[in-house]
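Undergrad: Quick one: the structure is below, and I'll ask about it shortly.
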Amino acid sequence: EKGGYPDFMLKEIHEQPRVIRDTLAGRLSAGALEIDELDLSPEELDLIDRVYVIACGTSYHAGLIAKNLIEAWARIPCEVEVASEFRYRNPIITPTTLVVAVSQSGETADTLAAIRDARVKGAKVFGITNVVGSPVARESDGVIYTKANKEIAVASTKSFLGQVVSLTLLAMLLAQAKGKLKTSQVRLLFRELADTAEQVERILADDAAIQEAALACKDASSALFIGRGMGAAVSYEGALKLKEISYLHAEAYAAGEMKHGPIALVDEGFPVIAIATKSPVYDKVVSNLQEAKARGAMVVAVATEGDEDIRAHADHVIYIPKVRDAFSAITASVPLQLFARAIAVARGCDVDQPRNLAKSVTVE
Ligand code: F6R
C-alpha cells in the first residue's frame, strides 16, 4: 500500500501535486472564487474585522503563512496562535471576529477547546481539516476540507500543503469580499496557484541536490533554519520536520533575529539552512547568509532557479522554480520535507513512526 515507495512519508510527499489540484478543483466559478461550504454571504464576510488562526504544530505553521496572505490581500489584522495558549487567555473576540481552526486530524484536544470557546464568545469559526465529519468539522460554522486523503506518516506533509492551499483560497475569498482584489486579479492569482502543482512535480522529479545537502548535514548535532517573510514561516516548518523525524536538534529564526542571539551558535561546519528565494527581502536574507558563512557555517540555500549569484554564499544550493512570493511557501516547503526525510533515513530512523509522537493528539 506504499505504492512502491520505501515509506509512507515519501509516498505522501509525492502526492502533493494531486493534493493541490484536488483542493483547487471547482473553486473558480464564472471568474469568482467560491467556497460555498463556509455558509457566509459576501456581506457577512465583508464585516469581518479580525482573524485568528488557531492550530498546533505543523498546522500552526500553515497559519503563519496564511497571516501573510490575509493581511497582504484582505487587509484584515490576523493573529496566529497555538491553540494551547489561545484557549487559556482572554483573547479579544467579537461577533465580527473570524476564528480559523486548522487541524489535519480534526480532533486535536486544544484546537477543539479553542473552537468551543470562540463560539461561546460569539465568533464565527471556520474549520480547515482533512477528516470528513471530524469534531473540528462538526463543531465549526463552516469547513473547508483539505483534499489530502488519509495521511499515515506521523510527520505531516501532504496535509500541510493542503492546509496552505486552502488558507490561500480563504485569504483570496476575504480579499474578494472586501473588494481588495478585483475579479481579474483573483483569476490571475488562482491560475498561478494552480501552476504550483506542476512546479512541485518538478521539485519532486530531481532530488539530487537535496540528497547531497542532507548527507553533508546528517552528522550535525544541531541546525538552524532561517528566512524572512514567507521564508520565516517555511523555516519553522522545516526545523520541526527535521527534529521530529531525525532527532537532530533544529531551530528556526526569522533571519533578522540572527544577530540578536542565535548567531552565537555558529562555528565551523554548523549547518544553516536558509530560504533565500527571490522575494522583496532577498538581499536581506543574503546578507544574513554572508554573516553566517563568515563564521564558518555550512550554508544550505533554497534558492530560485537561475540565481547563480547565490552560489557564492552557500555550500549547497537547492533550486526551486520561480513563483510569486505569495506562493513560495508551497514550493519551498517541499525540498525541506525531502531534506528532513533524507537525513532521517541516513541516521537510520523510522521516518513514518518517530518516537514519542502520535498522529493525533486527543488529550491536552
Ligand atoms: C508534525 C505534526 C504535528 C501536527 C499537530 C497538529 O508533523 O504532524 O505537529 O501538525 O499535532 O495536528 P492536527 O493538525 O491534526 O491538529
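The values are calculated or read from the model by the stated rules, or taken from the named source; none is laboratory data. Fair warning: this is a prediction, and the values are worked out from it, not measured in the lab. Glycine also receives a Cβ, built like all others from the backbone with ideal geometry; neighbour counts cover every protein chain displayed. Keep in mind that these areas ignore ligands, DNA and RNA; they rest on the heavy atoms of the full protein, side chains included. Shrake-Rupley method; radii C 1.70, N 1.55, O 1.52, S 1.80 Å.
Undergrad: Name the pairs whose Cβ atoms lie under 6 Å apart, with the first residue in the range 244-269 and closer than 17 Å to Ala233 by Cβ and in a strand (DSSP E or B), the second open to solvent by less than 30 Å² (accessible area, probe 1.4 Å) and aromatic (Phe, Trp, Tyr), and 6 or more positions between them or separate chains?
TA: Ala252/Phe225
Undergrad: Go through (1) of a type outside the set (A, V, I, L, M); (2) in contact (Cβ under 8 Å) with a residue 12 or more places away in the chain; (3) open to solvent by 70 Å² or more (accessible area, probe 1.4 Å) and name the single condition Gln185 misses.
TA: All conditions pass for Gln185, except number (2).
Undergrad: Within the range 43-56, is there a residue that is of a type in the set (Ser, Thr, Tyr) and modelled with pLDDT under 95?
TA: To start, the set of residues in the range 43-56 that are of a type in the set (Ser, Thr, Tyr) comprises 52.
Next, from what is left, pick out any that are modelled with pLDDT under 95: none.
No.
Undergrad: For the range 44-58, give me the residue count where each residue is more than 20 Å from Thr129 (Cα to Cα) and β-branched (Val, Ile, Thr).
TA: Residues of the range 44-58 that are more than 20 Å from Thr129 (Cα to Cα), as a first pass: 44-50.
Next cut, β-branched (Val, Ile, Thr) only: 48.
Looking only at that region, the number is 1.
Undergrad: Within the range 86-114, how many residues are in a loop (DSSP other than H, G, I, E, B), among the hydroxyl-bearing types (Ser, Thr, Tyr) and within 13 Å of the ligand (Cβ to nearest atom)? Outline the logic, then answer.
TA: From the range 86-114, those in a loop (DSSP other than H, G, I, E, B) are 87-96, 104-108; that's our starting set.
Filter again for among the hydroxyl-bearing types (Ser, Thr, Tyr), leaving 88, 94, 96, 105, 108.
Cutting the leftovers down to within 13 Å of the ligand (Cβ to nearest atom) gives us 105, 108.
The number of residues fulfilling the criteria is 2.
Undergrad: Can you confirm whether Gly3 is surrounded by 14 or more Cβ atoms within 10 Å (Cβ to Cβ), at positive phi and out of contact with any Cys (no Cβ under 9 Å at 6 or more places or on another chain)? It would help to see each step written out before you state the result.
TA: On the way: surrounded by 14 or more Cβ atoms within 10 Å (Cβ to Cβ): no; at positive phi: yes; out of contact with any Cys (no Cβ under 9 Å at 6 or more places or on another chain): yes.
Spelling it out, it is not the case that Gly3 is surrounded by 14 or more Cβ atoms within 10 Å (Cβ to Cβ), at positive phi and out of contact with any Cys (no Cβ under 9 Å at 6 or more places or on another chain).
Undergrad: While we're on this one: Hey, can you tell me all the residues within the range 159-202 that are outside any helix (DSSP H, G or I) and not basic (Lys, Arg)?
TA: Taking the range 159-202 as the starting set, the residues that turn out to be outside any helix (DSSP H, G or I) are 178-182.
The answer is Gly179, Leu181.
Undergrad: Okay, moving on. Of all residues in the range 34-67, which are assigned to a loop (DSSP other than H, G, I, E, B) and out of contact with any helix residue (DSSP H, G or I) (no Cβ under 7 Å at 6 or more places or on another chain)?
TA: As a first pass, look at the range 34-67 and keep what is assigned to a loop (DSSP other than H, G, I, E, B): 34-35, 39-41, 48-49, 56.
Selection gives Glu34, Asp39, Leu40, Ser41, Asp49.
Undergrad: While we're on this one: Residue check, Ala239 against (1) closer than 25 Å to Tyr319 by Cβ; (2) open to solvent by less than 10 Å² (accessible area, probe 1.4 Å); (3) out of contact with any Phe, Trp or Tyr (no Cβ under 6 Å at 6 or more places or on another chain), all met but one. Which one?
TA: Failed condition: (3).
Undergrad: Do we find a residue being assigned to a helix (DSSP H, G or I), within 16 Å of the ligand (Cβ to nearest atom) and touching a residue at least 40 places away in the same chain (Cβ under 8 Å) anywhere in the range 150-158? Write out each step before concluding.
TA: Just the residues of the range 150-158 that are assigned to a helix (DSSP H, G or I), to begin with: 158.
Checking which are within 16 Å of the ligand (Cβ to nearest atom) leaves us with 158.
Those left that are additionally touching a residue at least 40 places away in the same chain (Cβ under 8 Å): 158.
Taking every residue of the range 150-158 in turn, at least one turns out to be assigned to a helix (DSSP H, G or I), within 16 Å of the ligand (Cβ to nearest atom) and touching a residue at least 40 places away in the same chain (Cβ under 8 Å).
Undergrad: Regarding Val143, is this residue surrounded by fewer than 20 Cβ atoms within 10 Å (Cβ to Cβ) and either touching a residue at least 40 places away in the same chain (Cβ under 8 Å) or away from the ligand (no atom under 13 Å from the Cβ) (or both)?
TA: Numbers: surrounded by fewer than 20 Cβ atoms within 10 Å (Cβ to Cβ): no; either touching a residue at least 40 places away in the same chain (Cβ under 8 Å) or away from the ligand (no atom under 13 Å from the Cβ) (or both): yes.
Here the answer is no, as Val143 does not meet what is asked.
Undergrad: Let me ask another. Can you pull out the residues in the range 306-335 that are closer than 16 Å to Val286 by Cα and small (Gly, Ala, Ser)?
TA: Gly306, Ala312, Ala314
Undergrad: Moving to a separate point now. Hey, can you tell me all the residues within the range 284-308 that are under 10 Å from Gly227 (Cα atoms) and surrounded by fewer than 18 Cβ atoms within 10 Å (Cβ to Cβ)?
TA: Across the range 284-308, the qualifying residue is only Lys284.
Undergrad: For Val120, all conditions in the list (1) in contact (Cβ under 8 Å) with a residue 12 or more places away in the chain; (2) among the aliphatic types (A, V, I, L, M); (3) surrounded by fewer than 24 Cβ atoms within 10 Å (Cβ to Cβ) hold save one; what is the number of the exception?
TA: In the conditions (1) in contact (Cβ under 8 Å) with a residue 12 or more places away in the chain; (2) among the aliphatic types (A, V, I, L, M); (3) surrounded by fewer than 24 Cβ atoms within 10 Å (Cβ to Cβ), Val120 misses (1) alone.
Undergrad: May I ask you to list the residues in the range 314-364 that are more than 24 Å from Ser221 (Cβ to Cβ), over 20 Å from the mean Cα position of the chain (by Cα) and not hydrophobic (A, V, I, L, M, F, W, C)?
TA: Those that are more than 24 Å from Ser221 (Cβ to Cβ), over 20 Å from the mean Cα position of the chain (by Cα) and not hydrophobic (A, V, I, L, M, F, W, C): Thr362, Glu364.
Undergrad: Moving on to the next point. When you look at Ala109, is it farther than 21 Å from Ile35 by Cα, open to solvent by 20 Å² or more (accessible area, probe 1.4 Å) and more than 18 Å from the chain's Cα centre (by Cα), yes or no? Steps first, answer last, please.
TA: Numbers: farther than 21 Å from Ile35 by Cα: yes; open to solvent by 20 Å² or more (accessible area, probe 1.4 Å): yes; more than 18 Å from the chain's Cα centre (by Cα): yes.
The answer is yes for Ala109.
Undergrad: Same structure, new question: If I go through the range 312-355 residue by residue, how many of them are within 12 Å of the ligand (Cβ to nearest atom) and assigned to a loop (DSSP other than H, G, I, E, B)?
TA: 3
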